[in-house]
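Quick one: the structure is below, questions incoming.
The values are calculated or read from the model by the stated rules, or taken from the named source; none is laboratory data. Treat the numbers as computed from the prediction; the structure is a model and nothing was measured. Heads up, the Cβs are rebuilt from the backbone with ideal geometry, glycines too, and the neighbour counts pull from every protein chain shown. For the accessible areas, the whole protein counts, side chains as well, though only heavy atoms, and no ligand, DNA or RNA atoms are used. Shrake-Rupley method; radii C 1.70, N 1.55, O 1.52, S 1.80 Å.
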Amino acid sequence: MAVGKNKSMAKTGKKGAKKKIIDPFSRKEWYDAKAPCMFNNRQIGKTLVNRTQGNKIAADSLKGRVFEVSLADLQNDEIAFRKFKLVVEEVQGKNVLTNFNGMDLTTDKLRSMVKKWQTLIEANVDVKTTDGYVLRMFCIGFTKKAPQQVKKTCYAQHAQVRLIRKKMVEIMSKEVSSNDLKEVVNKLIPDSIGKDIEKACQGIYPLHDVCIRKVKVLKKPKFEIGKLLELHGEGTGKAVTSSSEETGVKLERPDGYEPPVQESV
């Protein structure tokens, strides 16, 4: 190769120049995640996001994030096997306001309930709340021995399983379709629907460990900030009217009246 012909080789020091290392956390901001007012513990944690830069707005990056929180953390109690999913719907200052997005049981709890010598019964149903949310609910239950039963097994007949499944679907549909999302979440926290199903099915076959094992949000109504603030206890969703009865007094003015011009202000 002729000397001096390769220009890229002649410019030494430029090719291997190192980029300036910038700490990625230096351009990030912390936001507080707030749970709806149905839960006792409203502060569920913090989340990171890049600062607003040009067309990339921080609030847009935060919306749609899903937090999975244990019920024990939300209610300050011992029920740690039930998990709630909360989705970010609005950003206010340094707070992100979340809404219910689903419920699930932990894998270890679900596995511990499944045992031999009993029948497992499952049912699911799609149901719409009064405020327009479409939920898919999954219920699970297990047969149990009758009092003073000697026989080792407690299997239900197929006809009994069908009757129990029908009763599960009926109760889930009734409890959800007559309430809004806030009321449904209030029923899911203590799992009162599972207790109602257990009580209703005693006449068909005695059950135990009956619970709503999963809830999915399939469809949501059009987003309204007023309803979300009402869910967080920060607004009523209605226009605020003045409560005082003091009203102005009407003054009598002659026709063609003009106010006097002031010489100095």
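Looking only at strands (runs of 3 or more DSSP E) that fall completely inside the stretch 34-112, which ones have 1 or more residues that are at positive phi and without any contact (Cβ under 8 Å) to a residue 60 or more places away in the chain?
On the way: elements: 43-50, 66-70, 82-92, 95-105.
Here the list reads 43-50.
Scan the stretch 62-81 for residues that are in contact with a strand residue (DSSP E or B) (Cβ under 6 Å, 6 or more places away or on another chain) and open to solvent by less than 50 Å² (accessible area, probe 1.4 Å) and jot them down.
Correct list: LEU62, PHE67, VAL69, SER70, LEU71.
Given the condition at pLDDT 70 or above, within 21 Å of LYS85 (Cα to Cα) and loosely packed, with under 13 Cβ neighbours inside 10 Å, answer yes or no: does some residue in the stretch 202-217 qualify?
No, the conditions are met nowhere in the stretch 202-217.
Taking PHE84 as meeting all but one of (1) open to solvent by 50 Å² or more (accessible area, probe 1.4 Å); (2) closer than 20 Å to PRO190 by Cβ, write down the number of the exception.
Of the numbered conditions (1) open to solvent by 50 Å² or more (accessible area, probe 1.4 Å); (2) closer than 20 Å to PRO190 by Cβ, the odd one out for PHE84 is (1).
Here is a list: LYS182, LYS145, LYS187. Which entry is touching a Pro at 6+ places or on another chain (Cβ under 9 Å), surrounded by fewer than 19 Cβ atoms within 10 Å (Cβ to Cβ) and in a helix (DSSP H, G or I)?
Just a single option satisfies the conditions, and that option is LYS182.
Hey, another quick one. For the structure I just gave you, tell me whether LYS166 is outside any loop (DSSP other than H, G, I, E, B) and out of contact with any strand residue (DSSP E or B) (no Cβ under 6 Å at 6 or more places or on another chain).
For LYS166, the condition - outside any loop (DSSP other than H, G, I, E, B) and out of contact with any strand residue (DSSP E or B) (no Cβ under 6 Å at 6 or more places or on another chain) - is met.
Report the residue count in the stretch 90-121 for those that are open to solvent by 40 Å² or more (accessible area, probe 1.4 Å) and more than 24 Å from the chain's Cα centre (by Cα).
7
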